[in-house]
1. With angles folded into 0 to 90 degrees, how steeply does helix 350-362 sit against the dominant principal axis of the chain? Use alpha carbons for both and round to 10.
2. For the range 91-172, what does the convex hull of the Cα positions come to per residue, in cubic angstrom?
3. Return one quarter of the surface area of the convex hull spanned by the alpha-carbon atoms of the range 35-174, equal to its mean projected area, in nm².
4. Working from the alpha-carbon coordinates of the range 293-398, get Rg over Rh, Rh being the Kirkwood radius.
5. May I ask what percent, to the nearest 5, of DSSP beta bridges between residues of the chain are antiparallel?
6. Could you work out how far the C-alpha centroid of the range 129-145 sits from that of the range 205-275, in angstrom?
7. Can you list the aspartates and glutamates whose alpha carbon is less than 18 Å from that of Lys93, not counting same-chain residues fewer than 8 positions off?
8. Tell me, Met371, Met301, Met347 in order of fewest to most beta-carbon neighbours within 10 Å?
Amino acid sequence: MIIQNVKGGYDFLPKEQRIRNYINGVLKEVFERFGYQPIETPILCYFDMLAGKYDETNDILNEIYKLKDQGNRQLGLRYDLTVPFAKFIALNKNEIRLPFKRYEINKVFRDGPVKVGRDREFTQCDVDVVGLSGEMIDAELVSLYVDAFNKLQIPINIKYNSRKLMSGLIIEAGIEEDLISPTITIVDKIDKLTEFELTNEFTNIGLNNDQITKLLEYFKLDLKELTKKFKKTENTILKEGLEELNSLTKYLKELKILKYTTFTPSLARGQDYYTGNVFEVYETTGKLTGAIGGGGRYDKMVTEFIDDGNIYPAVGISFGLTSIFALLKDREDLNKETNLDIFIIPMNTQIESLKLANELRNLGYKIDLEMEQKKLKKSLDYCNKEQIPYVIILGEDEITNKKFKLKNMFTREEYEIEMNNLEKIKEVI
C-alpha cells in the first residue's frame, strides 16, 4: 500500500488551515452583513441531474466523478455549487421566500487534468440571489466584492461588462446569430492576442474583413462612446445592454465604488449561460495574473432547470479561495505557529491545572496544557517553538497562595493573577 493523496487533493497543515479559516470567517461575516443566508447542499447527486443542462459533447461531462450506490443508481459528485443550488430552489421553493439570497462554501470535485489553478478536489465559495432582476442587486454584489476584499486587505479592480452588449455589437457588425457564441469566445481574448492573431481567429470561424473591422472598432470604445454611437440603434439587445450597463455604472458611482471598477467591453466570462452583466475581479499588486473572483447574471439557468412555468431570474458571484489563500499565506500577521493564548505547565498539580484551564476557556481564551509530565525546560522550549504567547507554571505554592504568574514568552514580563480574580487577565491579553 502506497500512502499518498489522490492527485489534485491536498492536506493542509494547521498553520495553513488557520489562514483558510480566517478567509472563510471574513467572507461569512461580510455575506451575512449583506443579508445572505448560509445553506448546504449534498456532495452526492443523481448523475442525470448534474448532466442535464449540458449536451453530450460538453467537456464537463467527462469531469464528473461517476459512481453507483447499492441500489445500482447512477450518482455523481457535484462539480460546482450552481446545479445543486438550482435543485435546492426546486425542492424548497415552498419553504423559502423569493427573492432568496444565499451563500455556500463547500467542496466540489472534478475529474480533469491537474495543473496550476485546477485541482480535482477544492472548495468553492458562491453568493447568489434568485428572484431579482435589475441592476440594483448587481450593484450590491459589486459592493459586496469591494467590502470583502477590503476586509481581506487585498487591493482589487473589478472588470464589468454585459453579455447583451457583446451580442448586440456582434449583431451590429453584421454577423449571423449562429456565429455569436464563437465570436464572443474570440472577443474575450482581445487583451491576450495581437490584432493579427485576432483577425486570423475571426477568419477561421467564417467572418469577412468588413465584419472583423467593425468588431475591432466597436470593442475598443468605452461606455460613453458606445452609448453615443448607438444612441438611436434599433438593435434591441444592444440597446438593453447599454441601458443596463449605464444603470449599473450610475449605481457604482453613487455608492462611491466606481474607482474599484473598469468597464471592459471584451469581458465575456466564458460561459454561455450568462445573460446580462458579468464581472471579474483581479488583484492589483501583480502577484497573481488570473481572476480571483467572478460571476454575473444567469436569468435562464434556474428557470429552465426547474421548468415549472415560473421565471427565476438569478445573479451570482464567486470567490477564488485558492487564489486568495495564495495571496495571504505569507502575510506576517496571519502566519502564526499556534492559535493558543496560554499554555499551562502543571508541577504536580494536574487536577488543579485542568480546572484552571477550563475556567480560562470559559472566559474565552484558547488554552492547552502539558499532559506528559515533561521537564520544565522541555515544556518551555515547546512553547517557544510553537510561539505560544503566554505561559502559566502552576505549582503547589501557587495553589496554596491562590495566585500565579502569567508570563509573556516574547517580552519575558510577568503578571501576578489571583485565582479568584481571573478576569484580570483581560488587562494583560
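1. 40
2. Convex hull volume per residue, Cα atoms: 208 Å³.
3. Values: hull surface 49.5 nm².
Hull-based average projected area comes out at 12.4 nm².
4. 1.38
5. DSSP beta bridges in the chain are roughly 80 percent antiparallel.
6. 19
7. Partners found: Glu40, Glu104, Asp128, Asp299, Glu304, Asp307, Asp308.
8. Final ranking by Cβ density, sparse to dense: Met371, Met347, Met301.
Where a number appears in this text, it was derived from the coordinates with a stated rule and is not lab data. Keep in mind that this is a model prediction, so the values were computed, not measured. Cβ: placed from backbone, ideal geometry, glycine included. Neighbour counts: every protein chain shown.
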